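Just so it is clear, none of the values below were taken in a lab; they were calculated from the coordinates. This is a predicted model, so every value here is computed, not measured. Cβ coordinates were reconstructed from backbone atoms using ideal geometry, including for glycine residues, and neighbour counts include every protein chain displayed.
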């Protein structure tokens with residue numbers, strides 16, 4: 001075999017090995033993040049006085065693993081056949097998750113007008129909501145402290161928190177000519 005060809009094949013194998021190791025590390029990191037997010041979600045439920053039951057854990061896992069904003073009906077349909085979790089359990093659990101900050105009700109422009117929910121990470125954040133594909137991204141950090149302070153100065157209203165969604169068109173939909181610009 002030609003030395004250059006052999007070197008080329010060896011180089012390709014090395015690149016594939018490095019890529020495989022990077023994929024493994026990325027996957028391992030993602031699994032660790034999921035576990036940390038679940039642990040934090042359970043801690044937040046407990047901190048708000050809610051017990052962590054097997055049913056609640058399954059609802060949180062299903063919400064976390066959903067590909068995008070999901071309605072209570074969709075969540076219930078995903079859980080009920082295999083897990084025996086009824087729709088009322090899903091609704092009650094979503095209310096507790098909202099209270100604990102583990103879930104967030106997203107402003108979407110769906111024709112069916114169903115409330116949709118996403119799993120929230122533990123840190124303070126805001127959301128980017130694509131009105132076309134319904135992708136929801138978290139934006140870490142805030143910067144709203146000055147606005148909170150200004151609101152208090154002008155109105156006397158002492159804000160203890162806020163929620164902010166940016167609704168628009170994501171880069172993927174914009175590139176396809178979908179959505180508003």
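Worth pointing out:
- Residue 33 paired with residue 46, simple spin-label distance in nm, labels 7 Å along Cα-to-beta-carbon: 2.5 nm
- Annotation: peptides 36-47, 136-147, 162-173, ranked by per-residue average of other Cβ atoms within 10 Å with the highest first, follow the order 36-47, 162-173, 136-147.
- Multiplying each eigenvalue of the alpha-carbon gyration tensor of the stretch 123-181 by 5 and taking the square root yields semi-axes of 30, 12, 8 Å, largest first, rounded to whole angstroms.
- Tensor-based shape of the stretch 53-166 (alpha-carbon gyration tensor, a/c under 1.5 rounded, otherwise prolate or oblate): prolate
- Extension reserve of the residue 87-residue 162 stretch, reckoned as 0.36 nm per residue once the Cα distance is removed: 24.1 nm
- Relative contact order %, the stretch 89-181, counting alpha carbon pairs below 8 Å whose residues are six or more apart: 23 percent
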